[in-house]
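Trainee: Structure in structure tokens, see below.
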Amino acid sequence: MLNNLLGLFHISKNKNPLLGVFCSKSVTQWLSAQVATHNVKALVEANQKVGIHLFFFSLNDVNFSNDEIHGYYYDREESKWKRTRFPYPDAIYKRSGVSVKEIHRYKTLLKVMKKYDIKMLNSFSQLEKWPVHKHLLQYQKLRPNLPETLTYGSENDLCKMFDSFDSLYLKASTGSLGRQVLRVNKLTTGFGCTYYRRNLKKIHVDTMSELIGFVSKFFRGQFFIIQEAIDLLTVSDRLVDMRAEVQRNGRGKIEIVAIPIRVGLKGAPVTQHSDSYPFEYLKDLFSYSEREIKHFQSMIHPFLEDVYTATEEYCGQCCEMGIDFGIDKNHHLYFIEANSIPTKVSIQKAYDPQTVARAYENVLHYATFIVNQ
């Protein structure tokens, strides 16, 4: 049975590819207990329509000595998850970060991918904020969309930015989910700091020296950037920004699948912990006319395509990105960051099932495209 299964995958190479979905160890542990995350379920359901060979694995499941992976696949006939041996796949779709303890095995996997010409669907390196910002600065038409940004080296850098701006964001270059983001406002006396750790936190410090001390404790030696605070659209002291789901489809063409609007918690410095709505909801939030909405779309779509292609020149062609951006109160577009492993939380909250399904089907169609190409 197993040999027949493996043989089927080799016979089907360059027709319906074998796609390995790279997950965290916790995800595969849940699969062994017959529990699947929403993203795993959505991929399996999308594959009902697309019909490629699909399995899920973590770094611990890779047997480099035997050139095989002990992965999980969903058996529809028995309605259960099963674990078996797979050959190295035609392509890998990365859905998890890598811990410090896993770096060595991860580098070994990258060497294997290069040796056997295994295709990468999305960026296998994290899209760090500072290198991506520096890269995008090379594109003249994107420069007006980039907030003023410095790397932090000393107290002088913070003072220099406060000479120009009253509100700043301090962000770890590799942070995620808004956990390593600190907003600092220059006040009449001292500085006000807000950040999100399980819930909204606010502190006040009296002097620059106290601020530097707090910042050092906050980032704990992590490399971070200093960025001007964009004067984003707000609703009742709640920040409003967008998370665009941008992908390459089965023809390799860029497709803007959805642009959810995120409305953050009151007073929060980030919108990750937020409500999400379809893009058209801007009409209800700000009483914009249909004409104004279409005008925004005419600006946003080429902007997103430019950001996507420019970022690909930094990290290689990708099947998808989550691109965070905002509109300021003068209706100017600003790039915030690009995500190589979008969680798809905002699109799931804001859009209909057909649109959400499209975001997963595109990934599988792109896998076929890039393997056959």
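The values are calculated or read from the model by the stated rules, or taken from the named source; none is laboratory data. Everything quoted here is computed from the prediction, not taken from an experiment. As a convention, Cβ positions derive from the backbone with ideal geometry for all residues, glycine included, and neighbour counts pool all protein chains shown.
Trainee: Filtering the stretch 198-244 down to residues that are among the acidic types (Asp, Glu) and free of Cβ contacts under 8 Å to residues at least 24 places away in the same chain, which residue is surrounded by the most Cβ atoms within 10 Å (Cβ to Cβ)? Can you show your working first?
Mentor: Just the residues of the stretch 198-244 that are among the acidic types (Asp, Glu), to begin with: 206, 210, 228, 231, 237, 241.
Checking the rest, the ones that are also free of Cβ contacts under 8 Å to residues at least 24 places away in the same chain come to 206, 210.
Details: Asp206: 11, Glu210: 14.
Among them, the one singled out is Glu210.
Trainee: Here's a follow-up. Only helices (runs of 4 or more DSSP H) wholly contained in the stretch 1-74 count here; list those with 3 or more residues that are modelled with pLDDT of 95 or more and among the polar types (S, T, N, Q).
Mentor: Values: elements: 2-11, 25-32, 38-50.
Output list reads 25-32, 38-50.
Trainee: Ok, one more. Can you go through Leu168, Leu182, Leu187 and tell me which one is in contact with an Asp or Glu (Cβ under 7 Å, 6 or more places away or on another chain) and touching a residue at least 12 places away in the same chain (Cβ under 8 Å)?
Mentor: On the way: Leu182 fails: in contact with an Asp or Glu (Cβ under 7 Å, 6 or more places away or on another chain); Leu187 fails: in contact with an Asp or Glu (Cβ under 7 Å, 6 or more places away or on another chain).
Checking each option against the conditions leaves just Leu168.
Trainee: Would you check if there is a residue in the stretch 92-101 being within 16 Å of Cys315 (Cα to Cα), assigned by TED's automatic domain parsing to the domain that holds Asn16, of a type outside the set (Lys, Arg) and part of a helix (DSSP H, G or I)?
Mentor: There is no residue in the stretch 92-101 that is within 16 Å of Cys315 (Cα to Cα), assigned by TED's automatic domain parsing to the domain that holds Asn16, of a type outside the set (Lys, Arg) and part of a helix (DSSP H, G or I).
Trainee: OK, next. Which residue out of Asp157, Asp117, Asp163 is of a type in the set (D, E, K, R) and assigned to a loop (DSSP other than H, G, I, E, B)? Even if it seems obvious, please write down each step before you answer.
Mentor: Details: Asp157 fails: assigned to a loop (DSSP other than H, G, I, E, B); Asp163 fails: assigned to a loop (DSSP other than H, G, I, E, B).
Criteria check complete, one pass: Asp117.
A quick yes/no check of all residues on (1) more than 19 Å from Ile261 (Cβ to Cβ); (2) over 14 Å from the mean Cα position of the chain (by Cα); (3) touching a residue at least 40 places away in the same chain (Cβ under 8 Å):
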position	(1), (2), (3)
Gly326	no, yes, yes
His332	no, yes, yes
Ile336	no, no, yes
Ser346	no, no, yes
Tyr351	no, yes, yes
Glu361	yes, yes, yes
Ala367	yes, yes, yes
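Trainee: Checking Arg95 against (1) within 22 Å of the chain's Cα centre (by Cα); (2) loosely packed, with under 15 Cβ neighbours inside 10 Å, only one condition comes out false. Which one?
Mentor: That leaves (2) as the condition not met.
Trainee: For the subset of the stretch 121-162 comprising residues that are surrounded by fewer than 18 Cβ atoms within 10 Å (Cβ to Cβ) and of a type in the set (Lys, Arg), which member is farthest from Ala367 (Cα to Cα)?
Mentor: Among residues in the stretch 121-162 that are surrounded by fewer than 18 Cβ atoms within 10 Å (Cβ to Cβ) and of a type in the set (Lys, Arg), the one farthest from Ala367 (Cα to Cα) is Lys160.
Trainee: Which of the residues that make up the stretch 12-56 are in contact with a strand residue (DSSP E or B) (Cβ under 8 Å, 6 or more places away or on another chain) and either free of Cβ contacts under 8 Å to residues at least 24 places away in the same chain or outside the structural domain of Pro87 (by TED's automatic domain parsing) (or both)?
Mentor: Start the filter on the stretch 12-56 by keeping residues that are in contact with a strand residue (DSSP E or B) (Cβ under 8 Å, 6 or more places away or on another chain), which leaves 12, 16-23, 27-28, 31-32, 34, 36, 40, 43-44, 47, 52-56.
The answer is Val40, and nothing else.
Trainee: OK, next. Can you tell me which residues in the stretch 145-165 are touching a residue at least 40 places away in the same chain (Cβ under 8 Å) and more than 23 Å from the chain's Cα centre (by Cα)? Before you say what the answer is, go through the steps one by one.
Mentor: Here is the first cut: in the stretch 145-165, the ones touching a residue at least 40 places away in the same chain (Cβ under 8 Å) are 145-152, 155, 157-159, 161, 164-165.
Matches in the stretch 145-165: Tyr152, Glu155, Asp157, Leu158, Cys159, Met161, Ser164, Phe165.
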